[in-house]
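What follows is a single structure, written as structure tokens, with notes after it.
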Amino acid sequence: MPVAASAIYFLNLRGDVLINRLYRDDVGGNMVDAFRTHIMQTKELGTCPVRQIGGCSFFYMRISNVYIVIVVSSNANVACAFKFVVEAVALFKSYFGGAFDEDAIRNNFVLIYELLDEIMDFGYPQNLSPEILKLYITQEGVRSPFSSKPADKPVPNATLQVTGAVGWRREGLVYKKNEVFLDIVESVNLLMSSKGSVLRCDVTGKILMKCFLSGMPDLKLGLNDKIGLEKESQLKARPTKSGKTIELDDVTFHQCVNLTRFNSEKTVSFVPPDGEFELMKYRITEGVNLPFRVLPTIKELGRTRMEVNVKVKSVFGAKMFALGVVIKVPVPKQTAKTNFQVTSGRAKYNASIDCIVWKIRKFPGQTEPTMSAEIELISTVTERKPWTRPPIQMEFQVPMFTASGLRVRFLKVWEKSGYNTVEWVRYITKAGSYEIRC
């Protein structure tokens, strides 16, 4: 949570405190009395799981016959708080044999206090993985006689899991063919004027991976980001090769990424989960390479006629192409008839959305297809309101192209057995909110 939790309480349905833990001294010990008086006794427990009382926020959730209440003194991430509660309950169940209720809490006071000290430090959530915590909190909980869940098997190679913190990957994985698939998927958000000037533009991207690797591999990913290249040149005491560099903003990583190494070396090092996962997300606001430029011309000829000309230019390389291109050109609601010509693809008037929908299945790079349309409007006796001209909208997907210019410089896989791997890298750019004013 961006703002730390001050306290956590476990209450029964009568409001009695079963167990509690104060993490910070910015709230009083009687905060639970405010929860009973203002929430439990007023029968408002089912209305909203977040309440503010006396300058403090209460996040609460009912699990079986127990209420778990988190108290914070400032604005906090509510979703993160509830995610912490859900994962904490899953952790307790793994120790208690699958049961979490008032009896399980009363039978395991010492163990719960020890776990609460491990999973939250000064109000900030820590590691909640049962596989990792059971390696150094070996005390077994008192299991409910009604629990039929068998005891968890001990995790092998405890030293590797504790020091490597690989609770997201199990040991003993074996594949006949070791492969890594990496996709850089970007969405372009654009607002462009009718004359072609960019009013607003940014790119949101994510790196998706699918790993089928044996053992416990260590991967290292190098990108052409500016900070990473500068750090590499400092470590090697020589300048890096010339080429385009980009600045990544708002970067977030999967928990498998070694943040200590990233902060010191600016390289993305990680032990990957098995299968598919999202390695990182980022945003870029400068130096965006737009895949398309749209130049519309609209002429209103009197009260009942209109001419629309739209030119779409693909800016990416001639050897590349876009797929599933859709251009939605708005027309007035009073449209009675449309006649249009296109140099590529097909166009159709869609009265339900008041648009001419122009579709191009395969759009080559460095081309400029055009659409010309004559529109007849319904004549009215009364004065018609002026047309507001909604923006033209585009949908597309461009393989092997990134609007940000992000590129993978290297993807290294190291495993102690020294097997060979096959790495696949793919780039895809899609339209987010891609709009051009008429």
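The values are calculated or read from the model by the stated rules, or taken from the named source; none is laboratory data. What you see is a predicted model, and the numbers here were worked out from it, not measured in a lab. Neighbour counts are summed over all protein chains in view; Cβ atoms, including those assigned to glycine, are modelled from backbone coordinates with ideal geometry. Each accessible area value is taken on the protein alone, full model and side chains, heavy atoms only, with ligands, DNA and RNA left out. Shrake-Rupley method; radii C 1.70, N 1.55, O 1.52, S 1.80 Å.
Numbers below:
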quantity	calculated
Electrostatic dipole magnitude of the chain [Cβ: Lys, Arg +1; Asp, Glu -1; Cα centre; debye, to 20]	2180
Check: segment 7-134 dipole with +1 on Lys, Arg Cβ and -1 on Asp, Glu Cβ, in debye	380
Charge dipole of segment 7-134 about the Cα centre (unit charges at C-beta), most positive-ward option of A88, G55, I19	G55
Computed lengthening from N350 to T370, 0.36 nm per intervening residue step minus Cα-Cα distance	5.3 nm
Listed residue pairs exceeding 31 Å between alpha carbons, taken from K206/K359; K83/K266; K134/K177; K206/K313; K134/K206; K220/K328	K134/K177; K134/K206; K220/K328
Full-extension gain in nm, S214 to T37, via 0.36 nm per residue minus C-alpha separation	58.1 nm
Surface share of carbon and sulfur [accessible, 1.4 angstrom probe, percent] for segment 1-121	48
Alpha carbon convex hull of segment 286-383, volume per residue in cubic angstrom	117
1.4 Å probe accessible area per residue over the chain, in Å²	53
Kirkwood Rh and Cα Rg combined as Rg/Rh, the chain	1.09
Distance in nm between pseudo-label sites at T252 and S433 (7 Å out along the Cβ direction from Cα)	1.8
Cα Rg, Dmax (largest Cα-Cα span) when computed across segment 7-134, Å	13.9, 41
Helix-only mean residue ellipticity at 222 nm for the chain, each DSSP H run of n ≥ 4 adding -39500 (n - 2.57), per residue, nearest 500	-4500 deg cm²/dmol
Simple Cβ-charge dipole of segment 1-43, Lys/Arg +1 and Asp/Glu -1, about Cα centre, in debye nearest 20	180
Segment 312-438 - convex hull of alpha carbons, volume per residue in Å³	137
Residue-span extension gain [R170 to I137] - 0.36 nm each, minus C-alpha spacing	9.9 nm
Dipole of segment 349-417 [Lys/Arg +1, Asp/Glu -1 at C-beta], most positive-end residue of M371, G405, P390	G405
